[in-house]
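Below is one structure, written out as structure tokens, with a few remarks after it.
The values are calculated or read from the model by the stated rules, or taken from the named source; none is laboratory data. Since we're looking at a predicted model, the values are computed, not measured. Glycine also receives a Cβ, built like all others from the backbone with ideal geometry; neighbour counts cover every protein chain displayed.
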Amino acid sequence: MAKSTEKNNDFQQAESHMALGKKNLILMLVGFGIIVLGFILMAGGGSDDPNVFNEAMFSCRRITIAPILVIGGFVFEIYAIMKRFK
């Protein structure tokens, strides 16, 4: 009977600790914000008239900066998950 109680106590202690701490969650929110910013920068560039070609969709912001921000955000998310704070 003592072993069963001991296992339950260990389980409750392990369950009370989250896998990620508060700092990790804050870093993950920052990474999510970077990803969202990248997708916002990618938006637009379309044309209302299908017969008119709009060169704005090939701007440096949409094809270079925004994808770099999105990929950087995902890398930052991996860092935020893997970082251990003492």
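Looking at segment 47-64, can you tell me whether even one residue there is in contact with a helix residue (DSSP H, G or I) (Cβ under 7 Å, 6 or more places away or on another chain) and either modelled with pLDDT of 90 or more or on the phi < 0 side of the Ramachandran plot (or both)? Yes, segment 47-64 contains at least one residue that is in contact with a helix residue (DSSP H, G or I) (Cβ under 7 Å, 6 or more places away or on another chain) and either modelled with pLDDT of 90 or more or on the phi < 0 side of the Ramachandran plot (or both). Tallying residues that are in a loop (DSSP other than H, G, I, E, B) and under 30 Å from His17 (Cα atoms) within segment 30-86 yields 4.
Here is a yes/no grid of residues against (1) surrounded by 12 or more Cβ atoms within 10 Å (Cβ to Cβ); (2) of a type in the set (Val, Ile, Thr):
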{"position": "Gly44", "(1), (2)": "yes, no"}
{"position": "Asp48", "(1), (2)": "no, no"}
{"position": "Arg62", "(1), (2)": "yes, no"}
{"position": "Ala66", "(1), (2)": "yes, no"}
{"position": "Val70", "(1), (2)": "yes, yes"}
{"position": "Phe76", "(1), (2)": "yes, no"}
{"position": "Lys83", "(1), (2)": "yes, no"}
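Within segment 8-24, if we keep just the residues that are loosely packed, with under 13 Cβ neighbours inside 10 Å and modelled with pLDDT of 65 or more, the residue that is farthest from Ile78 (Cα to Cα) turns out to be His17. Just one residue in the set Phe39, Phe76, Phe53 is among the aromatic types (Phe, Trp, Tyr) and over 14 Å from the mean Cα position of the chain (by Cα); that residue is Phe53.
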